[in-house]
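Here is the structure we will look at, set down as structure tokens.
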Amino acid sequence: MITVNHLTVDFGKRLLFDDVSFVIGDKERVALVGKNGAGKTTLLKILAGEEQPTCGTLSKNRELTIGYLPQVMLFRDHQTLWEEAESVFANLKATKSQLDQIVQEMGTRTDHESESYLQLLNRYTELNDQLLLHSYGSYEAEIERTLLGLGFEREDFGRETSEFSGGWRMRIELAKILLARPSLLLLDEPTNHLDIESIEWLERYIQSSSVALVLVSHDQTFLDATTSRTLEIELGKLYDYKVCYSDYIALREERLETQRRAYENQQKLIADTEAFIERFRYKATKAIQVQSRIKQLEKLDLIEIEEIDRKKIHFQFPIASRSGDYPLIVEDLSKSFGDKKVFSGVSLTLHRGDKVAFLGKNGSGKTTLIRCIMGQLTDYTGTLKLGHNVSISYFSQNRAQELDPKLSIRETVDRAATGDIRTHIEDMLGAFMFGGETADKPVSVLSGGERSRLAVLLLLLCPSNFLILDEPTNHLDIRSKEVLKEAIKEFPATVILVSHDRHFLEGLVDKVYEFEKGKVLEHLGGMEEYLQKWHEKLLNETSATSNPKAQSTQNEVATLINQGKLDYLENKKTQKKIRSLKNSFQETESKVEQLEKELRLIEDEIASRKAIPAEDPIYKQHQEVAHALEQAMEKWEQLGEELQDAEQKA
């Protein structure tokens with residue numbers, strides 16, 4: 001599908017990749033991992049054709065179609081959500097228009113035996129096959145299914161795209177990419193703006209489709225669910241692991257340990273050799289040995305050890321004086337924006353030391369409640385009380401983007417620091433991997449992950465006893481998230497977390513507040529218990545025909561069927577079967593050709609030899625290959641018949 005040969009990307013002062021080669025095969029699901037700034041996004045852009053390498057080649061199949069979702073993109077306005085999604089099918093609609101014209105022309109012609117009429121008929125067949133292949137008759141149902149799966153409501157379909165926030169507009173672009181059905185998906189952090197329900201929908205979509213995938217994500221659970229191969233970028237080199245992310249972690253540690261031992265052994269060899277050279281350099285009787293050892297050192301291929309990339313941030317959130325036993329008490333709280341009610345009747349009490357998660361779809365009110373807690377919104381009804389001696393540190397989901405791009409890293413930290421903490425600025429910069437000359441880099445050149453890391457660092461400049469973190473893991477790499485998770489675990493006071501990262505929340509929170517349809521529901525227990533109950537709830541809603549939501553969905557489906565707009569279910573099933581049969585047929589055909597070639601070689605060998613004993617193994621080999629060929633031929637014929645039947649029924 002894509003072959004990358006000897007790829008090098010050199011930014012002058014920095015060598016990003018050096019002589020990297022790999023192949024992405026048909027239907028492969030690949031995770032692209034590495035620390036922030038390692039070059040993952042650059043590599044995706046090269047695969048998408050948006051950037052060119054310094055040297056090296058990239059070859060693609062002619063039939064390859066690519067759907068690329070970058071982290072940052074330009075959006076178009078002046079269309080509704082539905083119109084924007086429907087624009088994906090503009091070519092198919094043009095094809096349908098051509099087909100209608102051909103049908104109209106065929107109905108008026110009588111020269112059915114002429115060459116031009118046969119050409120017209122062939123063109124009709126070609127265009128009709130294109131429409132059937134893409135399930136044109138059901139594209140509206142496909143749009144609806146995709147938009148609903150990504151978290152949109154039906155009432156959103158008529159809204160202008162300009163009315164949606166950046167995160168929701170990213171979902172629109174993702175929906176368009178999925179609807180286009182490319183053969184290769186290149187996704188750069190697709191889960192950053194998705195809630196848990198939409199993330200799991202996307203997981204199921206990828207798992208059930210035949211699309212190939214190259215994925216950059218810092219969501220470990222999502223990586224494990226959607227990929228089976230891991231490409232790691234480390235210090236300009238690329239390492240290929242034929243396993244999912246969790247298994248890659250174990251294999252990577254084994255590789256690094258092997259590398260470390262090899263490095264230590266080589267260093268000992270170098271030290272011993274240099275000691276020998278120094279000891280006998282001026283002894284004539286040892287001149288030959290000394291020269292031999294010098295040449296040995298010159299030819300030595302030095303082993304590099306990746307200690308730079310194994311550095312970790314170690315930090316603790318500074319704790320302020322002890323707060324009261326109940327840092328937050330909320331009773332019957334309601335908040336509206338004009339006629340739109342965000343939530344109502346919210347009651348919750350946090351005890352000192354609680355670590356809780358706020359979960360729910362984007363726009364369900366999580367950030368609004370946090371703004372009420374922070375005092376940024378006061379026009380609510382009900383009661384909201386902060387406890388005695390509460391001191392809050394707040395990380396907003398836009399904090400990393402709000403940093404002044406004109407300031408350097410050091411200036412950003414220096415302006416935020418007050419009091420005794422100012423004497424430890426350099427130590428803190430070093431602990432967050434911003435030490436030395438790096439601290440003088442302007443914020444404007446930092447990657448998304450580096451900005452997020454800097455924003456977390458700013459939290460350490462003010463002691464608190466109540467942390468409120470709204471999407472703190474967006475753009476952080478997996479290693480940085482693990483360090484942040486450990487720091488939150490060790491924080492002895494109260495924490496509210498808004499996050500859609502399941503792996504990050506597991507083992508971290510002891511209570512979940514679910515925001516749904518204007519209500520806030522309390523779930524005791526950790527993230528694992530919540531997800532189990534949530535999945536059971538979804539299963540019950542889907543399977544129980546007596547459930548109003550399921551019944552409503554069934555009624556809508558029945559209506560669409562009556563309108564002739566839901567034939568895509570059967571079409572999709574048939575086309576999937578045809579694709580599977582074609583793949584099996586082609587694989588078996590290749591096997592037949594290989595076995596025939598192998599049998600011919602054996603027979604040529606037998607014919608070339610004058611006398612062969614009866615017990616010679618070549619006869620047994622001939623018998624085995626001939627039997628395998630016979631079986632393969634039978635399977636090939638059977639698959640051919642099944643494929644022909646399936647295509648006729650389609």
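Listed here are the helices (runs of 4 or more DSSP H) enclosed by the stretch 55-159 that have at least 3 residues being open to solvent by 50 Å² or more (accessible area, probe 1.4 Å): 90-108, 115-133, 139-149.
For Leu359, the test of being surrounded by 12 or more Cβ atoms within 10 Å (Cβ to Cβ), at pLDDT 85 or above, closer than 30 Å to Phe491 by Cα and in contact with a helix residue (DSSP H, G or I) (Cβ under 7 Å, 6 or more places away or on another chain) is passed.
Among the numbered conditions (1) outside any loop (DSSP other than H, G, I, E, B); (2) out of contact with any helix residue (DSSP H, G or I) (no Cβ under 7 Å at 6 or more places or on another chain), the only one that Ser393 does not meet is (2). Restricting attention to the stretch 480-502, the residues that are outside any helix (DSSP H, G or I) and open to solvent by 50 Å² or more (accessible area, probe 1.4 Å) total 1.
Residues in the stretch 549-560 include at least one that is modelled with pLDDT under 70, at negative phi and open to solvent by 100 Å² or more (accessible area, probe 1.4 Å). Only a single criterion out of (1) at pLDDT below 85; (2) open to solvent by less than 80 Å² (accessible area, probe 1.4 Å) is not satisfied by Glu304, namely (2).
Quick one: in the stretch 192-209, of everything that is among the charged types (D, E, K, R) and in a helix (DSSP H, G or I), which residue is farthest from Gly449 (Cα to Cα)? Steps first, please.
Going through the stretch 192-209, the residues among the charged types (D, E, K, R) turn out to be 195, 197, 200, 203-204.
Restricting the remaining residues to those that are in a helix (DSSP H, G or I) gives 197, 200, 203-204.
On the way: Glu197: 24, Glu200: 24, Glu203: 23, Arg204: 27 Å.
Residue satisfying both the conditions and the ranking: Arg204.
Is at least one residue of the stretch 463-479 aromatic (Phe, Trp, Tyr), open to solvent by less than 60 Å² (accessible area, probe 1.4 Å) and more than 30 Å from Asp325 (Cβ to Cβ)? No, there is no match, as no residue in the stretch 463-479 is aromatic (Phe, Trp, Tyr), open to solvent by less than 60 Å² (accessible area, probe 1.4 Å) and more than 30 Å from Asp325 (Cβ to Cβ).
Within the stretch 606-646, track down each residue that is within 41 Å of the chain's Cα centre (by Cα) and not acidic (Asp, Glu). Even if it seems obvious, please write down each step before you answer.
First, pick out the residues of the stretch 606-646 that are within 41 Å of the chain's Cα centre (by Cα): 632, 635-646.
Result: Ala632, Lys635, Trp636, Gln638, Leu639, Gly640, Leu643, Gln644, Ala646.
Only one of the numbered conditions (1) closer than 30 Å to Tyr513 by Cα; (2) in contact with a Gly (Cβ under 9 Å, 6 or more places away or on another chain) is violated by Asp379, and that is (2). Looking at the stretch 610-644, which of the residues that are open to solvent by 80 Å² or more (accessible area, probe 1.4 Å), in a helix (DSSP H, G or I) and among the charged types (D, E, K, R) is farthest from Gln130 (Cα to Cα)? For the stretch 610-644, the residue satisfying everything is Lys620. I'd like to check something: does the stretch 425-432 contain any residue that is outside any helix (DSSP H, G or I), open to solvent by less than 20 Å² (accessible area, probe 1.4 Å) and either β-branched (Val, Ile, Thr) or touching a residue at least 24 places away in the same chain (Cβ under 8 Å) (or both)? Checked against the condition, which is being outside any helix (DSSP H, G or I), open to solvent by less than 20 Å² (accessible area, probe 1.4 Å) and either β-branched (Val, Ile, Thr) or touching a residue at least 24 places away in the same chain (Cβ under 8 Å) (or both), the stretch 425-432 yields at least one hit. Filtering the stretch 233-292 to residues that are in a strand (DSSP E or B) and in contact (Cβ under 8 Å) with a residue 40 or more places away in the chain leaves Ile233, Glu234, Lys237, Leu238, Asp240. The selection criterion, being of a type outside the set (A, V, I, L, M, F, W, C), in contact (Cβ under 8 Å) with a residue 12 or more places away in the chain and buried (at least 20 other Cβ atoms within 10 Å of the Cβ), does not hold for Gly353.
Taking the stretch 210-226 as the range and being assigned to a loop (DSSP other than H, G, I, E, B), open to solvent by less than 30 Å² (accessible area, probe 1.4 Å) and not hydrophobic (A, V, I, L, M, F, W, C) as the test, the residues that pass are Ser217, His218, Asp219.
Filtering the stretch 236-257 for residues that are touching a Ser or Thr at 6+ places or on another chain (Cβ under 9 Å), surrounded by 21 or more Cβ atoms within 10 Å (Cβ to Cβ), closer than 25 Å to Val498 by Cβ and not small (Gly, Ala, Ser) leaves a non-empty set.
Only one entry of Phe466, Phe491, Phe504 meets the criterion of being closer than 20 Å to Ala31 by Cβ and of a type in the set (A, V, I, L, M, F, W, C), and that entry is Phe504.
Check the stretch 174-187 and report whether any residue there is over 13 Å from Leu69 (Cβ atoms), open to solvent by 20 Å² or more (accessible area, probe 1.4 Å) and not in a helix (DSSP H, G or I). Looking through the stretch 174-187, at least one residue is over 13 Å from Leu69 (Cβ atoms), open to solvent by 20 Å² or more (accessible area, probe 1.4 Å) and not in a helix (DSSP H, G or I).
Condition check for Asn398 on (1) closer than 25 Å to Gly363 by Cβ; (2) touching a residue at least 12 places away in the same chain (Cβ under 8 Å); (3) open to solvent by 20 Å² or more (accessible area, probe 1.4 Å): one failure, at (2).
Filter the stretch 599-609 down to the residues that are open to solvent by 70 Å² or more (accessible area, probe 1.4 Å) and at pLDDT 80 or above and list them by number.
The initial filter retains those residues of the stretch 599-609 that are open to solvent by 70 Å² or more (accessible area, probe 1.4 Å), namely 600-601, 603-605, 607-609.
Within the stretch 599-609, Arg600, Leu601 meet the criteria.
Within the stretch 413-422, is even one residue open to solvent by 50 Å² or more (accessible area, probe 1.4 Å), over 30 Å from Glu331 (Cβ atoms) and under 27 Å from the mean Cα position of the chain (by Cα)? No; the residues of the stretch 413-422 include none that is open to solvent by 50 Å² or more (accessible area, probe 1.4 Å), over 30 Å from Glu331 (Cβ atoms) and under 27 Å from the mean Cα position of the chain (by Cα). The set of residues in the stretch 22-40 being within 25 Å of Thr65 (Cβ to Cβ), in contact (Cβ under 8 Å) with a residue 24 or more places away in the chain and open to solvent by 40 Å² or more (accessible area, probe 1.4 Å) consists of Asp26, Lys27, Glu28. Evaluate the following for Thr412: is it under 20 Å from Leu459 (Cα atoms) and in contact (Cβ under 8 Å) with a residue 60 or more places away in the chain? When the stated conditions are applied, Thr412 does not pass them. Taken together, the residues in the stretch 451-462 that are closer than 27 Å to His193 by Cβ and open to solvent by 30 Å² or more (accessible area, probe 1.4 Å) amount to 1. Within the stretch 338-348, being touching a residue at least 12 places away in the same chain (Cβ under 8 Å) and open to solvent by 50 Å² or more (accessible area, probe 1.4 Å) holds for Lys341, Ser347.
Applying the criterion of being of a type in the set (Phe, Trp, Tyr) and assigned to a helix (DSSP H, G or I) to the residues of the stretch 503-547, the residue that is modelled with the highest pLDDT is Phe504. Of the residues examined, Lys295 is one that is at pLDDT 85 or above, open to solvent by 50 Å² or more (accessible area, probe 1.4 Å) and more than 30 Å from Ser217 (Cβ to Cβ).
The values are calculated or read from the model by the stated rules, or taken from the named source; none is laboratory data. The structure presented is a predicted model; accordingly, all values stated were derived computationally and were not measured. Note that each Cβ is placed from the backbone with ideal geometry, even for glycine, and that neighbours are counted across all protein chains shown. Protein only, heavy atoms only, side chains kept; ligands, DNA and RNA dropped before computing areas. Shrake-Rupley method; radii C 1.70, N 1.55, O 1.52, S 1.80 Å.
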